[in-house]
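K.L.:
Structure provided below as C-alpha cells; questions to follow.
Readers should treat all values here as calculations from the given coordinates under stated rules, not as data from a laboratory. The model shown is predicted, which means the values in this text are computed figures rather than measured ones. Here the Cβ is made from the backbone with ideal geometry for all residues, glycine too, and neighbour counts use every protein chain on show.
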Amino acid sequence: MVADEVVQWQNRPLESRVSDRLYRRAIWLKIRDGGVVVNKACHVAVGVDVEGRKQVLGLWLGATEGAKFWANVLAEIRNRGASDIPILCCDGLTGLPAAVNSIYPQTVVQTWWCTCFGQR
C-alpha cells in the first residue's frame, strides 16, 4: 500500500550530516478531516548539501506552525540519525532559534524571507 511506503519513507534513517543547510517551512493546505474541510500546515524540512543537491527530509501535518512543533520535528530528525545541521534557514518564527539550539546546540540559525518558496 502507498500509505505503508509513506510511513517507511518518513521514518527512514538519515545520514549523520544530511545537509549543510536545512530549510524549514509550512505550507497551508485545505484538508478534509472527519467530513469537514479544515486548514492544516504541511511542515516541510529540506536539506541542501554543498553541491546544491536537495533532499526532502520529511513532511509533517499540524494544526499550527510553532517553535515547539519544529523542536519536535528536529528531535525526530536527530533520532533518525542526523547528528549535525550546520545552518538552519528560517523565516523568523518566534522562539525558533532557541528551539533549534536546544536540539542542535552548534547550529547557526539564519533568517530568510521565503524567497525559495515564492513568497514575500
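K.L.:
Give me Glu5, Glu15, Glu51, Glu65 ranked fewest to most by other Cβ atoms within 10 Å of their Cβ, as a rough exposure proxy.
P.N.:
Glu51, Glu5, Glu15, Glu65
K.L.:
For helix 67-79, what angle does its Cα long axis make with the longest principal axis of the chain, in degrees from 0 to 90 and rounded to 10?
P.N.:
The answer is roughly 70 degrees.
K.L.:
Read phi for every residue in the stretch 24-37 and hand back ³J(HN,Hα) as whole Hz from Karplus 6.51 cos²θ - 1.76 cosθ + 1.60, θ = phi - 60°, with x for Gly and Pro.
P.N.:
Values, residue by residue: 10, 7, 10, 10, 7, 10, 8, 10, 7, 10, x, x, 10, 8 Hz.
K.L.:
Considering Cα pairs under 8 angstrom that are at least six residues apart, work out the relative contact order of the chain and quote it in whole percent.
P.N.:
Details: 203 pairs, mean separation 29.8, N = 120.
Normalised by residue count, the contact order of the chain is 25 percent.
K.L.:
Let me ask something else. Calculate for the chain the 222 nm mean residue ellipticity that helices alone would give, adding -39,500 (n - 2.57) per DSSP H run of length 4 or more and normalising by residue count, nearest 500 deg cm²/dmol.
P.N.:
Helices in the chain give a 222 nm mean residue ellipticity of -7500 deg cm²/dmol.
K.L.:
In whole Hz, with x marking every Gly and Pro, tabulate ³J(HN,Hα) for the stretch 91-108 from phi via Karplus 6.51 cos²θ - 1.76 cosθ + 1.60, θ = phi - 60°.
P.N.:
My calculation for the stretch 91-108 gives 9, x, 4, 4, x, 5, x, 5, 5, 4, 6, 6, 9, 10, x, 8, 5, 8 Hz in order.
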